[in-house]
Amino acid sequence: METEFVHCFGIKKTILAGLSLEELRELLKPLPAFRAKQIFRWLTRGVRSFNDMTDISCTVREALEKRFSLYSSVISQRLSDSDGTVKIQLTLEDGGTIESVLLSDGKERKTACISTQVGCAMGCVFCKTGGVGFRRNVSAGEIIEQFLHLRSIAAFSNVVIMGMGEPLLNLSALREALDFIVGGNAIGVADESLSKRRITVSTSGIIAGIHDLADNGPYIRLAVSLTTADEAQREKLMPVTRTNPLPLLKKALMYYQRKTPKRITMEAALLRNINTSRKHADLLAEFAQGLDVVVNVIPWNPVAGLRLEGVPLQEPDKAESERFIAALQRRGMNVTTRFKKGRSVAGACGQLG
Ligand code: SAH
Ligand code: SF4
């Protein structure tokens, strides 16, 4: 059977990454099913070339090479920060580029940060991706490829959908990709419910998308980039607020939490002298009332040229961030802080693009 396969060459190379085991089995016929399984296992470990599939004979590997490609995207740049962060830039088939990041907590834990759009249409004034503008959605296959490319650098146990783009505006591709990642055990956690708990999707606050997630799953962790609970200010910082106002966003989050009782993360990128006053802490705490939330404070990662109403944005100093955190804690909020990971490779939050 393998001989027959070796002599059957196609013309256009088919991409293998992202196919399910069943699809692979079908495609690779007349290769026996166990071969498909071997290849699938290699793929989910982020293998770099057919040659690295060491339990497959040379002749079959060569035949595979002629008919198939592993990925549709290539790693066009790779940067490493001394804090353990690795950022890769992928060039897609149409020439578009996206970035994915492997974050390290300094101990064992690694987290993959994935992009869902080439650029982003939401235009948040403090985010580099927002300044790039929107080009297109990333396909399910391209989302999966980001996982696999990062997996070839190192195994990771957590996933955050917090790269470029608004994930809830590309939900069907994201769903398909997460099915593959969870179902194919690609992040190396066998228990499905456990893997879902290790996946976080961050949204700028797309109400329809939150309802869709609540009604149809997957029930992963939800993070909302609140930034500020001052509606008028949020409209300026995050134009998405105009069509997704805060009172309705809150209702959507309450609905989500009724459907899946998981703690929601509220992210707040802190901008010097803009959203760090006591009043802002009070408004945030008020917004969170009735929800089970943890606030994730992210001191703004500098991006040159970004402004609010003509004034250049600045990162808060340590004392300003600490005052804000203390004010939240006095209101009984759970707070975590994300400091400066990956800054030297422009791989920190809001620096992609
Ligand atoms: N588009 C999604 C996910 C990607 S942004 C979203 O907006 O939620 C990931 C997080 O980084 C968001 O919480 C966003 O508010 C924050 N962020 C954007 N630019 C930033 C910057 N320059 N410094 C710090 N955080 C930033
Ligand atoms: Fe898009 Fe998120 Fe950046 Fe806003 S913060 S522009 S939603 S990537």
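Summary of values
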item	result
Residue satisfying condition, being among the small types (Gly, Ala, Ser), assigned by TED's automatic domain parsing to the domain that holds Thr200 and crowded, with 23+ Cβ neighbours inside 10 Å, within set Ser115, Ser104, Ser82	Ser115
Qualifying positions in region 210-233 - more than 16 Å from Glu267 (Cβ to Cβ) and either buried (at least 21 other Cβ atoms within 10 Å of the Cβ) or of a type in the set (Gly, Ala, Ser) (or both)	Leu213, Ala214, Gly217, Ala232
Qualifying residue in region 254-264 (condition: surrounded by 15 or more Cβ atoms within 10 Å (Cβ to Cβ) and within 16 Å of ligand 1 (Cβ to nearest atom))	yes
Cβ pairs under 6 Å, 6+ apart, first in region 305-328 and aromatic (Phe, Trp, Tyr), second buried (at least 19 other Cβ atoms within 10 Å of the Cβ) and in a helix (DSSP H, G or I)	Phe324/Ala281
Test for Asn296: is it assigned by TED's automatic domain parsing to the domain that holds Cys124, in contact with a Gly (Cβ under 6 Å, 6 or more places away or on another chain) and either within 15 Å of ligand 1 (Cβ to nearest atom) or closer than 27 Å to Lys128 by Cα (or both)	no
Candidates Ala232, Ala214 - the one that is part of a helix (DSSP H, G or I), of a type in the set (A, V, I, L, M, F, W, C), assigned by TED's automatic domain parsing to the domain that holds Thr337 and under 13 Å from Leu168 (Cβ atoms)	Ala214
Single residue of region 196-233 satisfying the filter (touching a Gly at 6+ places or on another chain (Cβ under 8 Å) and under 22 Å from Ile143 (Cβ atoms)) that is farthest from ligand 2 (Cβ to nearest atom)	Val224
Residue that is surrounded by the most Cβ atoms within 10 Å (Cβ to Cβ), among those in region 234-250 that are touching a residue at least 24 places away in the same chain (Cβ under 8 Å) and away from ligand 2 (no atom under 15 Å from the Cβ)	Lys250
Residue in region 230-242 that is closer than 22 Å to Ile325 by Cα and in contact with a Cys (Cβ under 6 Å, 6 or more places away or on another chain) present	yes
Filter pass, Glu309 being within 16 Å of ligand 2 (Cβ to nearest atom), among the charged types (D, E, K, R) and closer than 22 Å to Gly130 by Cβ	no
Test: residue in region 129-149 that is under 29 Å from Glu235 (Cα atoms), assigned to a helix (DSSP H, G or I), small (Gly, Ala, Ser) and more than 9 Å from ligand 2 (Cβ to nearest atom)	no
Subset tally (residues that are part of a loop (DSSP other than H, G, I, E, B) and either more than 26 Å from the chain's Cα centre (by Cα) or surrounded by 14 or more Cβ atoms within 10 Å (Cβ to Cβ) (or both)) for region 315-353	18
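The values are calculated or read from the model by the stated rules, or taken from the named source; none is laboratory data. For clarity, every value in this text was computed on a predicted model and none was experimentally measured. When we count neighbours, we look across all protein chains shown, and the Cβ atoms used for this are built from the backbone with ideal geometry, even at glycine.
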